[in-house]
Amino acid sequence: MSTESNGALILRERRGAVAILTLNRPRALNALSAGLLDALDAALDDLEGDDGLRAVVITGAGKAFVAGADISEMAAYDPILAEAFASRGQRLLNRLTAFPVPVIAAVNGFALGGGCELAMACDIVLAGEHARFGQPEVKLGVIPGFGGTQRLVRRVGLTKALDLCLTARMVGADEAVEMGLAARKIEGDVVGGALAVAEEIEANGPVAVRLAKRAIHENADGDLEAGLAAERTLFALCFATRDQTEGMEAFLDRRAAHFTGS
Ligand code: CO8
């Protein structure tokens with residue numbers, strides 16, 4: 001627990017079916033303190049049971065997305081506290097990956113260490129013009145602890161993951177997109193860009209979107225046969241939904257589909 005008040009650590013905004021969570025410790029470049037991790041967990045608790053929710057956008061206040069775990073808190077850790085903090089962060093980031101609706105990282109600035117790890121735990125990473133990604137932990141004499149050594153390999157492959165984690169160099173939006181760390185570069189307002197991406201998602205069948213996210217994440221690390229079997233099951237499940245009937249009828253009638261998410 002932290003002595004910080006959780007109240008203002010995350011700004012919450014609702015735009016129709018999309019929730020925007022703004023990490024709000026700009027004077028510390030939104031560094032992930034224990035209090036900020038608690039506040040993010042609490043925000044997810046509140047959003048999780050919300051049936052009208054179609055996507056979540058996560059961004060940072062000020063010039064950073066998140067400049068990493070809070071170094072002033074970590075400096076005094078012993079191995080026991082470090083393990084507990086890494087577990088805490090990993091559980092929270094796993095929660096984002098497993099979150100029922102798509103989570104979009106609108107990376108407005110520095111996304112370093114735990115910030116890069118947070119972005120990678122999201123489904124779609126959007127890089128604003130000022131985005132700077134990196135895993136600079138080795139500069140501090142430590143290694144990534146919120147999943148960076150694992151998720152970065154899965155996102156960009158061994159060659160680039162080793163490059164970033166061993167040199168601690170930062171990459172901008174263009175290079176992040178080129179290496180597959182970010183899905184798209186957004187010129188101008190990155191949160192506006194994220195809302196536009198959320199709108200693209202909202203136009204699709206809500207149950208299908210959830211199941212597609214699940215099929216991809218749950219089997220990303222397994223073998224192909226197990227993944228294909230899981231995909232078949234979820235594909236079949238779509239045929240128990242009104243959204244499937246509506247989506248296919250609308251296509252055949254040459255009209256827009258009106259999905260109900262059921
Ligand atoms: N933690 C705490 N405070 C931070 C952090 C941070 N990660 N990053 C920046 N700040 C603070 C600075 O101390 C400064 O505070 P103050 O004004 O009180 O001195 C304020 O934010 C502004 O920062 P700068 O003056 O340094 O701003 P610049 O624009 O000059 O530089 C940088 C921006 C390049 C982003 C620079 O701040 C920087 O290098 N920050 C640290 C980045 C970093 O190393 N991140 C990795 C941290 S380790 C990590 O994330 C591991 C995750 C897993 C941990 C699990 C293990 C237990």
Candidates 93, 81 - the one that is near the ligand (Cβ under 9 Å from one of its atoms), in a helix (DSSP H, G or I) and of a type in the set (A, V, I, L, M): 81
Answer from 169, 132, 151, 155 - the residue that is more than 28 Å from residue 43 (Cβ to Cβ), touching a residue at least 12 places away in the same chain (Cβ under 8 Å) and out of contact with any Asp or Glu (no Cβ under 6 Å at 6 or more places or on another chain): 169
Single residue of the stretch 24-62 satisfying the filter (closer than 19 Å to residue 132 by Cβ and without any contact (Cβ under 8 Å) to a residue 40 or more places away in the chain) that is nearest to the ligand (Cβ to nearest atom): 27
Residue that is in contact with a strand residue (DSSP E or B) (Cβ under 9 Å, 6 or more places away or on another chain), closer than 21 Å to residue 191 by Cα and near the ligand (Cβ under 9 Å from one of its atoms), where the choices are 145, 114: 114
Helices (runs of 4 or more DSSP H) wholly inside the stretch 124-211 that include at least 2 residues being within 30 Å of residue 234 (Cα to Cα) and small (Gly, Ala, Ser): 148-167, 190-202
Restricting the stretch 63-78 to residues that are assigned to a loop (DSSP other than H, G, I, E, B) and closer than 12 Å to residue 29 by Cβ, the residue that is farthest from the ligand (Cβ to nearest atom): 63
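Each reported figure results from applying straightforward, stated rules to the coordinates on display, with no laboratory input. Here the structure is a predicted model, which means the values were calculated and not measured. Because the Cβ atoms are built from the backbone with ideal geometry, glycine has one as well, and the counts that use them run over all protein chains shown.
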